[in-house]
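A short write-up of the structure that comes next.
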Amino acid sequence: MLSERLRFVLSEAGGTQGDFATSIGMTLDRVKNILSGRVKKLQPHEARAIRDRYNIHELWLTTGKGPQHVTADELPVIKERDEIAEATRLVTELGLTGTAAREMQQLVYAMRRKSAAEVIAALEQIKGGGRAGSKARVANERAAWAGDERRPDEPLLHGVIEAVLTEIERKSLHIPPAKLAALIVAAYHASEDSHEVHKKTVAMLVRLAS
């Protein structure tokens with residue numbers, strides 16, 4: 001039973017039920033309802049939170065099958081799987097299809113991995129053909145970006161990302177990864193001509209995205 005398996009996790013974690021609830025972002029009432037048997041199924045994000053905090057396999061936690069603990073060798077594989085799945089889910093929720101879906105998925109995935117090189121590559125692809133406009137302008141942009149002199153400005157990109165994250169933290173906002181990726185793309189494009197971060201534009205974009 002789920003209640004018994006959660007008791008096992010609690011016994012390993014130590015501390016109080018309240019401590020456990022806080023550590024995984026769950027309410028104390030929710031924990032108590034699971035332990036009493038009133039709640040018989042965890043939400044996927046709850047199982048992931050317990051897995052990430054206490055190295056307990058989601059499959060064992062939800063069904064009682066398989067090994068209890070996640071090994072060190074499994075962690076990188078699980079993390080990558082989660083990142084791909086989350087990027088796919090967010091793109092699906094936005095209703096994107098075809099090239100737009102693929103480009104946004106790549107950008108969200110790169111953002112979640114915090115890989116500047118992958119973010120630049122995704123921006124490069126979007127810059128080359130993903131922006132709306134005339135066929136002639138898109139063709140011109142593709143040609144321009146073929147040369148190294150028009151490749152993404154990495155210092156500018158880092159500055160934009162830092163400005164966006166600072167503004168989000170300053171306002172204590174929570175912006176989903178898909179929106180965050182789109183916001184960074186917009187802020188980067190707005191800063192290209194002057195080669196410096198437009199902080200007022202960043203603040204406006206963050207406000208609109210929140």
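The values are calculated or read from the model by the stated rules, or taken from the named source; none is laboratory data. Being a predicted model, the structure only gives us computed values, none of them experimental. With ideal geometry, Cβ positions are generated from the backbone for all residues, glycine too; neighbour counts draw on all protein chains shown.
So is ALA85 among the aliphatic types (A, V, I, L, M) and without any contact (Cβ under 8 Å) to a residue 12 or more places away in the chain or not?
Details: among the aliphatic types (A, V, I, L, M): yes; without any contact (Cβ under 8 Å) to a residue 12 or more places away in the chain: yes.
Answer is yes for this residue.
So how many residues does the range 11-31 have that are under 23 Å from LYS65 (Cα atoms) and either assigned to a loop (DSSP other than H, G, I, E, B) or more than 28 Å from the chain's Cα centre (by Cα) (or both)?
Matching residues across the range 11-31 total 3.
Given the structure, is ILE34 assigned by TED's automatic domain parsing to the domain that holds GLU103, in a helix (DSSP H, G or I) and in contact with a helix residue (DSSP H, G or I) (Cβ under 9 Å, 6 or more places away or on another chain)? Talk me through it step by step, then tell me what you get.
Details: assigned by TED's automatic domain parsing to the domain that holds GLU103: no; in a helix (DSSP H, G or I): yes; in contact with a helix residue (DSSP H, G or I) (Cβ under 9 Å, 6 or more places away or on another chain): yes.
Taking the combined requirement at face value, the residue does not satisfy it.
Among the listed residues ARG48, ARG5, ARG30, identify the single one that is out of contact with any strand residue (DSSP E or B) (no Cβ under 8 Å at 6 or more places or on another chain), surrounded by 14 or more Cβ atoms within 10 Å (Cβ to Cβ) and at pLDDT below 90.
On the way: ARG5 fails: at pLDDT below 90; ARG30 fails: at pLDDT below 90.
Exactly one residue qualifies, and that residue is ARG48.
Can you name every residue in the range 66-78 that is surrounded by 13 or more Cβ atoms within 10 Å (Cβ to Cβ) and in a helix (DSSP H, G or I)?
GLU74, LEU75, ILE78, listed by residue number.
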